[in-house]
1. List pairs: first residue in the range 282-308 and of a type in the set (Lys, Arg), second residue assigned to a loop (DSSP other than H, G, I, E, B) and open to solvent by 20 Å² or more (accessible area, probe 1.4 Å) anywhere in the structure, Cβ distance under 8 angstrom, at least six positions apart or on different chains.
2. Can you list residue pairs whose Cβ atoms sit under 8 Å apart, with the first residue in the range 163-174 being among the acidic types (Asp, Glu) and the second being at pLDDT 85 or above? Count only pairs 6 or more apart in sequence or on different chains.
3. Of the residues Gln544, Gln503, which single one is at pLDDT 90 or above and farther than 24 Å from Gln654 by Cβ?
4. Could you list, ordered by first residue, the pairs with Cβ atoms under 7 Å in which the first is in the range 611-637 and in contact (Cβ under 8 Å) with a residue 12 or more places away in the chain and in a helix (DSSP H, G or I) and the second is open to solvent by less than 50 Å² (accessible area, probe 1.4 Å) and hydroxyl-bearing (Ser, Thr, Tyr), at least 6 apart or interchain?
5. Can Ala377 be described as part of a helix (DSSP H, G or I), in contact (Cβ under 8 Å) with a residue 40 or more places away in the chain, open to solvent by 10 Å² or more (accessible area, probe 1.4 Å) and out of contact with any Leu (no Cβ under 9 Å at 6 or more places or on another chain)?
6. In the range 666-699, what residues are part of a loop (DSSP other than H, G, I, E, B), under 23 Å from Arg598 (Cα atoms) and not hydrophobic (A, V, I, L, M, F, W, C)?
7. Condition first: at pLDDT 90 or above and open to solvent by 10 Å² or more (accessible area, probe 1.4 Å). Can you find one or more residues in the range 727-739 that meet it?
8. Could you list, in sequence order, all residues of the range 754-780 that are modelled with pLDDT of 85 or more, open to solvent by 20 Å² or more (accessible area, probe 1.4 Å) and outside any helix (DSSP H, G or I)?
Amino acid sequence: MAAPMMEHNNHSSNDLSHLQRTDCIKSESPSEDENFTDDVVGLVQKEIGGDLKSLKKVSGLLEKLTLENKQLEEQVLTVSSSVPLRVSAALSTAEESRVKLESLLEKERVLSNTLQQHLQGAQVWADSIGQVLGQLDTLERHMKYLQCLARIEELSDSIQQYLMTNSMWDAVGAIDRMASLDMGLRESGCSHLQAFLRETHRFWHKILKDKLASDFEEVLTQFHWPFISPPTQTLSPPANAQELNSQLELLVSQLLSLQTSDDLISEKKEILSRPGQSQTPPLSLPIQIMLLPLSKRFRYHFTGNRQTNNLSKPEWYLTQILIWMGNSSNFMEEKIQPILDRARAKVNARVELCRGLLTLAQEKLAHDAPRLLYDDALFCHLVDEVLQFEKELRSTHSYPRAYPGILHILLDKTAFQKWLSVERKMAVEKVDTMLTAEGAWSSQYKDITDMDELKAPDCAETFMTLLLVITERYRSLPCPRAQLSFLALQKELVDDFRIRLTQVMKEESRQPLSPRYCAILNAANYISTVLSDWGDNVFFLQLQQAAVSVGEEILGPLGATETGRLASLEESLFEALLALLERLRGDMLGRLLDAVMRDVKEKAQPYCKDRWISLPSQSDQATMSLSSSACPMMLCLRDHLLQLQQMLCLPLFQMFWQGLAERLDNFIYEDLILYNHFNEGGVAQLQYDMTRNLFPLFGHYCKRPENFFKHVKEACIILTLKVGPALLLCDVLKQSEEDEGILNHQQPSPESALNELGVYKLAPSDVQILLNLRSAWLKQ
């Protein structure tokens, strides 16, 4: 019993400690404690239950749990004892690794010392070998240097031998090889060798070129080159024509073979003379030689103190260039071009000759233009001649636009600013002259009906012609920036002309029905129409795209919205000007309508004050006729319409009569109909005056004039209703007022009832007012 009791006590102490730990855990984690308690209760319920007799099972349960606890303690002790063994094994392994590492470090130190000693010993050998290699490299460079010299001497001797034996093709080949050697030495630092090679190359090249050029010039002379006057067709070809053609082809081919060498020498000269500037491709060597006599003639006549060298006559040298182009065209196409094609030279002989002649004109123009900057008349004449020359060059002589002409010389900053200022000055002077001319406000086509649709006054038409001439002058400029500068000038001129029109309009505003006032209105409309057409022109659309990228520098800052609209072609370059012109046109039309309506209202006063409530009925009159009080108003309307139809262009007159009809409709409705009461005779007379007299006045300009008098037309419909329909309509309108806010599907809406009568413009409230004008008659 002692052992079980001790065992029981041990279990009790274990349970106590377990409960203490449980209490501690419970204080830290209530949820886990509740779970543990539930497990214990469940175990007791399962093993013992609620029967007191089952308490005898407690000792067995206690022994079972004690055995399980002992097993768990043994497992814990086993694991605890194995951990120190693993730690000691790891420590011993680490110690072994440390020993090996120290051994390796010692070996590395020994090896490093040995290697350092070896390197110190080998440095002497390396230094001596380096000296030997340097000497070898120097010897190799010297050998290559001497080989180049020997190669140059060899080529030089070969060229001399070939020239002595007149072996021109071999000499050309040797010169070409020397040029290749020269290009190969471009990256070399041997400046003396390069200089020697270039001098040798230039020496033999000049000798060979002069020899071939001399022979080529002799052959050309037999072909009567250069053609100073238009070539004439001989009756029969010369006897040695075939031999001359063969010599010509041979010499041209040899000169073409010498082209690479000549380009190399020319490139060096260009770099020395004009460093940093982009150069155009050099002319073909045969063309250069053909240009020599023409160049001599040009400089003889147009430089120095010759009478032909006249600053005020640029057309002399420009015309001479064009004449030479024309005279030489057939020879270049018939004789030289086939040779170039057979030699597979991608060169157009005629274009090359034009390019060479243009070089002469460019040099002359670049020399003369700065001397004319302070003489507006001479500078303007120079610009005119250059533009005419450029036009004929591109059209008559089909000179490609990919190649520059001479127009770009005038795009130099100083010359171009002068050009713009002269263009502005001349344009302003012409505008002053055209506005003060005697017939400035009359149309030159007024007697020709078919040509006078816009009825533009002479000053407006002359002004737009001036702008068109300016456009043609800058259309061929090769630079979009320059074109945009001229466009900015044109917009400035248009705005200035608009301001002048506004000033003249204000002077004439006291008499808006005068011919001059209408002419100003026609002028504004004409300019707006032309600018709208220009906005759809291909040239201005291209300028518009250029303006999106570079336009801010010239046209001023463009907002993001405006730039987007220009890029998407939603707006044109003239949008701002069109808006200003539209405002001017609208203001002038408003003044014109005000003047006509004042006259009409004055003439209509007796008609408005007529006794409409006491007029005889239609049955009491034999025939209906226009009210006598309406005659002055009708005559006034007719005269103004006829007068303005003659003075205004068709689009403006359409806007005028439609605006007049709208104002007249409101005036008659408000000042006549709503102001009076009507009996049956008054209503009949009013309808007769409107439908048989007023509406037909506007019937000359449209098919259904009554549609422009909706208030008057619908008021007549209401006023002329019979008794029955009028009473029904009154009931519908009153019922709709009473049932306002209440949905009634059975009762027709007042709008549908009015629509059945043909009334769409007037509101139900307006109809009630009109019916009240007949209220006394409706009560009878």
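1. Arg297/Pro226; Arg297/Ile228
2. Every condition considered, the pairs that remain are Asp170/Ser158; Asp170/Tyr162.
3. Working: Gln544 fails: at pLDDT 90 or above.
Among Gln544, Gln503, only Gln503 is at pLDDT 90 or above and farther than 24 Å from Gln654 by Cβ.
4. Ser629/Tyr607; Ala630/Tyr607; Met633/Tyr607
5. On the way: part of a helix (DSSP H, G or I): yes; in contact (Cβ under 8 Å) with a residue 40 or more places away in the chain: no; open to solvent by 10 Å² or more (accessible area, probe 1.4 Å): yes; out of contact with any Leu (no Cβ under 9 Å at 6 or more places or on another chain): yes.
It is false that Ala377 is part of a helix (DSSP H, G or I), in contact (Cβ under 8 Å) with a residue 40 or more places away in the chain, open to solvent by 10 Å² or more (accessible area, probe 1.4 Å) and out of contact with any Leu (no Cβ under 9 Å at 6 or more places or on another chain).
6. Step one: filter the range 666-699 for residues part of a loop (DSSP other than H, G, I, E, B), giving 674-679, 699.
Okay, now just the ones that are also under 23 Å from Arg598 (Cα atoms), so 674-676, 699.
Listed by number, the residues that qualify are Tyr675, Asn676, Gly699.
7. Residues of the range 727-739 at pLDDT 90 or above: none.
Looking through the range 727-739, none of the residues is at pLDDT 90 or above and open to solvent by 10 Å² or more (accessible area, probe 1.4 Å).
8. The answer is Gly758, Tyr760, Lys761, Ala763.
The values are calculated or read from the model by the stated rules, or taken from the named source; none is laboratory data. If you're wondering where the values come from, they're calculated on a predicted model, not measured in any experiment. Here Cβ is always computed from backbone atoms with ideal geometry, including for glycine, and neighbour counts include all displayed protein chains. Please note that ligands, DNA and RNA were not included when accessible areas were found on the heavy atoms of the full protein model with its side chains. Shrake-Rupley method; radii C 1.70, N 1.55, O 1.52, S 1.80 Å.
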